[in-house]
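The values are calculated or read from the model by the stated rules, or taken from the named source; none is laboratory data. None of the values given here were measured: they were computed from a predicted structure. Note that each Cβ is placed from the backbone with ideal geometry, even for glycine, and that neighbours are counted across all protein chains shown. The protein model used for the area step is the full one, side chains on, heavy atoms only, and it has no ligands, DNA or RNA in it. Shrake-Rupley method; radii C 1.70, N 1.55, O 1.52, S 1.80 Å.
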Amino acid sequence: MEVQKPKLVYFQFKYDESLPEFMLAHKTEHVACLRESFDVVVINEDCDYKRVCELHQPDLALFESGVNLRNCRRPRVGNVKSDNSIPKLGLHNGDAWCDTRAGFLSDMEAWGINTFFAISTTEREHLPEIAQHTFIWPNFINPSIYKDYKLTKVVPILFTGALYKNYPWRHDVFRILSEKYPNLRCPHFGYTHQAGPRQMLVGRNYAEALNASQIVPTCGTIAGELVRKHLEVPACNSCLLTEDSPALRAAGFSDMENCVFVTPANVSDRVDFLFRNPNKLAQITANGHDLVQSRHTIRHRDQILQWYRINKTKPSGTEIQQPNPFSPFVVRPVSSISGRLSEPQSGRHLELLRRGDRELWSGNYVKARELYYQSLGYIGWFAEPKMRLALVDLFVGRPDEALERLEELLRYTLVRYQADQPDPVEWAYFVVALLAIGKKNGAIATAHRFPHLSHPELNRIRAVLNHLFGASLPETMAGTRRHSIHQLPDRTFEGWLDDLCLMLDNAGVSDGGRLRETKAKILSGRPRISESTSNKTTLDDSSAPFLPANLRIKRRVRNHLRSFAQATGRQLNELERKTIPFLPYRISSLRKEEPYVAVAALAEDHRIMSAAILGAASAAPLSEAFVRSFGARDDQVRLFCAHRADRSNLQQYQRIMGRRMTALTISSEANFGEAALPFLTGLSSALEKDHSRLDVILIDFFKVGESIEMSAALQIIQLATFIVLFGTDRPVASELRLALLSDERYLTLNDNLKPEAYSIFRTV
């Protein structure tokens, strides 16, 4: 007799039918997997939770959240908190680093849910505040599609999937193997709409392509995830070539037994070995197939059912834990901490974030900024380094830039995702940024919004506004704490106030004197100081009518000039994005974009001792991004700049480099192409005199234009180990880029045509 399954009500997003076929398949597969364990009722329309429960009498409710797809709508479910008799679970259906995480936490708060499942194996590391209440429902395969079709292995190596910048392993392996072995490339056309005439391989067609291939490389992104392809490849009886990670080992993968772990350094040797030993390759392939078909199909993902059964019977004083994403659930005392992953996972982006945090809270803001930009270089939408960069801006007196960064994060959560509440830490420092630009009334009004949003960072800035301005804001210093995606160090309230004073001092809106004078009263909780009873200078004109007329006028003029500069800066930055870089680096918004981060990282990460820039100018943000990182090195470094005497102003570089810079001037009558020989002669002579070599040559084609000839460019790049080309969508630059891409003497480190056309090569 068949045992009746428990009933589950699944509140699922309403997916747009124009999405790619494989994305719609994931949606239906999730429901099919749940139906292996439950009698499932799917709800994707607006509804009243209590009425749904009365109608269906469920044993468990599951709420999908955090879906990062345009035109996919989260159903509005009312009265969720009115009935707690039925266990409720949240499902984060997205990447562990996704920009929907703040919206996910808002949803969970609104629905009163405090137990979570995630499809990402690194979720706990990216959301540490809820790690002890998060369980993993890992990816799986549908064995009716992903199986051995017994096809002839006609493709030696198959490359599938996207080549985004958060796949550095995939970039390197693709470049190395594609130049050495016969291969087939199946491009990826994105996650937002149907591929149309480009016809991306999906479903059975994709599975058969895998089955007809001997080796298929894939990786788990920069985070070391277990992605669907890790399972799809061996399920179709192909050899999985991949990057080692704790998630894969937890799933049962073992090097040279059922998969092959490689690095870019050894991938060529290991693939050579596999092709020379076909019996070993066949055995690894067969073992991988057996592993996935026996442990990772739709029938093996019963984690939610495990939780449901244990939760019904677990003794008081205990909690449910999941030692790793693929092991059975266990019950242990609440004091136990072994519920986390047995082996910590750490992607390069998180390592850079942690290093940046150490520098930030040590006061080394320049180094912290560089590390945060490097983290963003892997995942451009990663919220944590963006938030930290806003903190750096506040500490160094750039509140306008901090406000812009925070507004971007908040706009996504509140407008794009339409969450009920923002992330509390982002909201707290949005208030601080408003205060730091002199917008006291705006800061108070902002702090008044979301009165039930509680977090120590937000409660503290509310307390400061109350004591300085009599703002009558809620000061919930203890009690309910909203979860945040941002982890800041535990600081005493006094230490936090010292940091705030520093931010306000450096912003120039106040010397922090009044805040320091009232600090003792704030800490002791004594009565607030209101505007009407205070004779101290406040933080903006509207709160200081008692100032002398000349000071009030100066402040008003300063504020008007600041507003004008902000508006003009936004217009110029927008124009720069649509045309070519022309603003100085310090005010150009382009300095946050990928190529500028990449060249700064080049100067930072390699032992660069000498560099030359062709087309340098103080108004070239790319050149300045490199020079600023390069100039921070010791006194042994040397910079050579070739420029036109009538067009370039190198004083900015001279201030950075001092005597370590040599300017090689090209006459105003000559163009860069005609002056190639004098430039080469002068540069070679300078290098010989110093007995040094040239590590980097940077050619800015936005400044050089089309005047330089191909032959001259080839002579120049032969002087250096690293070659940086900016503006590679221009004729000569494009020709040079293609020549280097096809030349085996050069390795491609970065190559991007959109949104910025640039390439970085290294001489073998």
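Structure notes:
- Here the stretch 272-314 exposes an accessible surface that is 46 percent carbon and sulfur, computed with a 1.4 Å probe and the other protein chains kept in place.
- Sites N205 and E257, calculated FRET efficiency, Cβ-Cβ separation with R0 41 Å, nearest 0.05: 0.85
- Scattering curve values for the stretch 102-157, log₁₀ I(q)/I(0), Debye with Cα scatterers, q = 0.14, 0.21 Å⁻¹: -0.57, -0.83
- Per residue, the stretch 245-344 exposes 49 Å² of accessible surface when a 1.4 Å probe is rolled over the protein heavy atoms with every protein chain present.
- Each peptide in 137-148, 442-453, 213-224 gets a packing score, the mean of other Cβ atoms within 10 Å over its residues, and the list from highest to lowest is 213-224, 137-148, 442-453.
- Summed over the residues of the stretch 351-417 and divided among them, the accessible surface reaches 36 Å² per residue at a probe radius of 1.4 Å.
- In this rough spin-label picture, where each label sits 7 Å from Cα along the Cβ direction, the L738-R481 distance is 5.9 nm.
- Rounded FRET efficiency, nearest 0.05, which uses the C-beta distance separating Q718 from Q4 and R0 of 56 Å: 0.15
- Alpha-carbon centroid distance for the pair the stretch 70-98 / the stretch 126-148, whole angstrom: 17
- Taken along the Cα-to-beta-carbon direction at a fixed 7 Å, the label points for A520 and D46 span 5.7 nm.
- Each of V366 and L55 was given a label point 7 Å from its Cα along the Cα-to-Cβ line. The distance between the two points is 6.4 nm.
- Using a cut-off of 30 Å between Cα atoms, the listed pairs K229/K312; K439/K519; K5/K150 include K229/K312; K5/K150 as exceeding that distance.
- In the stretch 362-493, the portion of solvent-accessible area held by carbon and sulfur atoms comes to 52 percent [1.4 Å probe, whole percent, DNA, RNA and ligands not counted].
- Between V334 and D83, the FRET efficiency from the beta-carbon distance, with R0 = 25 Å, is close to 0.45.
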